[in-house]
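Working notes, beginning with the structure itself.
The values are calculated or read from the model by the stated rules, or taken from the named source; none is laboratory data. Owing to the predicted nature of the structure, the values given are computational and were not obtained by experimental measurement. Backbone-built Cβ (ideal geometry, glycine too); neighbour counts: all protein chains shown. Note: accessible area is taken over every heavy atom of the protein model, side chains too, but ligands, DNA and RNA are not part of it. Shrake-Rupley method; radii C 1.70, N 1.55, O 1.52, S 1.80 Å.
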Amino acid sequence: MPAWPTTSGEAQAAAVVFRARDLPVKQRTQIGNTLRGHLPEFGIVVTEGPAYVPHPMQAT
């Protein structure tokens, strides 16, 4: 089995920060897509993108 070089502490820390930020971004995308999928049942059609998803307290 080949020996792999040890990852530096800085590289590991950068990977942790990336993963920690990546999860909420994916979850925000999932929520927006789910909401956009259900809104047409109520007659609301929304363009793609988080800026176009209505805020729940501002929905008319």
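Could you check the simple spin-label distance between ASN33 and VAL46, using points 7 Å along Cα→Cβ, in nm with one decimal?
1.4 nm
How large, in percent, is the carbon and sulfur part of the accessible surface of the chain at a probe radius of 1.4 Å?
62 percent
How large is the accessible surface per residue of the chain, computed with a 1.4 Å probe and reported in Å² as a whole number? Spell out each step's value before the answer.
On the way: 5610 Å² over 60 residues.
Heavy-atom accessible area per residue stands at 93 Å².
As an exercise, take the mean of 1/r over every pair of distinct alpha carbons in the chain, invert it, and state the Kirkwood radius in angstroms.
On the way: mean 1/r = 0.0680 Å⁻¹.
Across the chain, the inverse of the average 1/r is 14.7 Å.
Note down the nm distance, to one decimal, between modelled labels 7 Å out along Cα→Cβ at LEU23 and at SER8.
2.7 nm
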